[in-house]
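Before any comments, here is the structure.
The values are calculated or read from the model by the stated rules, or taken from the named source; none is laboratory data. Please read all numbers here as calculations on a predicted model, not as lab measurements. Virtual Cβ from ideal backbone geometry, glycine too; neighbours counted across all protein chains shown. For the accessible areas, the whole protein counts, side chains as well, though only heavy atoms, and no ligand, DNA or RNA atoms are used. Shrake-Rupley method; radii C 1.70, N 1.55, O 1.52, S 1.80 Å.
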Amino acid sequence: MPTADTGKKPFLGMSGKNLIIALGCIVVTVILVIVLLCALFGGNSAKEAVKDYYDAIEDCDAEDLMDTVPSEYLKSLMEQNDLSKKELEKEIQKYLDNYYDNYDDIKVTFQGQEKLDEEDFAEYLDSDELDDIQIKKATQYELKVRYRSDHGDKVETKTEEFVVFKYKGSWYSMDAMLLVTMAAYF
């Protein structure tokens with residue numbers, strides 16, 4: 001039986017249903033490319049660096065904590081202490097387990113922030129391990145941090161100053177650098 005000619009020509013040789021599916025695939029692909037490019041080149045924010053540090057502390061996760069420290073600094077620590085990356089991670093994990101294992105719930109509230117110039121930040125950079133790290137941006141946050149113990153029987157709230165700095169497009173934690181250093185030397 002012959003079909004009636006409606007006078008409509010298919011776009012790019014596709015019927016309406018196939019065209020909608022193709023356009024949907026194109027839109028999804030474009031969104032995925034944008035998300036991947038942002039993840040690769042967008043870096044993290046200063047506040048994300050703070051949250052990443054406290055998440056690593058809360059989880060007692062040495063590997064995550066090491067991600068909040070520039071790799072050049074970690075390499076310097078490994079060389080000075082004759083440690084492999086796995087050995088350094090093991091030392092950091094022991095340190096975390098000894099000093100931070102009692103807290104399962106850490107809540108951070110940002111209360112204030114101050115941008116630090118190179119001169120302000122220089123006082124933090126008086127270590128040999130930091131000689132090769134050139135910092136142009138740094139921020140000091142005033143935080144209210146609530147630490148709750150594993151069973152909720154102990155709650156401690158502190159006001160803390162927390163310094164993050166931007167290095168090679170990513171933000172890192174000064175506190176994480178200090179903690180990693182202590183773990184490597186003790």
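A few points about this structure:
- Filtering segment 136-172 to residues that are aliphatic (A, V, I, L, M) and touching a residue at least 12 places away in the same chain (Cβ under 8 Å) leaves Ala138, Leu143, Val145, Val163, Val164.
Conditions (1) open to solvent by 70 Å² or more (accessible area, probe 1.4 Å); (2) at pLDDT 90 or above; (3) under 23 Å from the mean Cα position of the chain (by Cα), marked per residue:
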residue	(1), (2), (3)
Phe11	yes, no, no
Leu37	yes, no, yes
Cys60	no, yes, yes
Met66	no, yes, yes
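- Of the residues screened, Lys86 is not one that is part of a helix (DSSP H, G or I) and touching a residue at least 60 places away in the same chain (Cβ under 8 Å).
- Candidate set: segment 165-184, residues that are of a type in the set (Gly, Ala, Ser) and outside any helix (DSSP H, G or I); chosen: the one modelled with the lowest pLDDT: Gly169
- Residue check for Asp132: at pLDDT below 95 and closer than 17 Å to Glu119 by Cα: yes
- Residue satisfying all of: in segment 40-54; open to solvent by 80 Å² or more (accessible area, probe 1.4 Å) and modelled with pLDDT under 95; farthest from Asp101 (Cα to Cα) among these: Phe41
- Residue ID - least open to solvent (accessible area, probe 1.4 Å), chosen from residues in segment 133-186 that are basic (Lys, Arg) and either under 17 Å from Tyr103 (Cβ atoms) or out of contact with any Lys or Arg (no Cβ under 8 Å at 6 or more places or on another chain) (or both): Arg146
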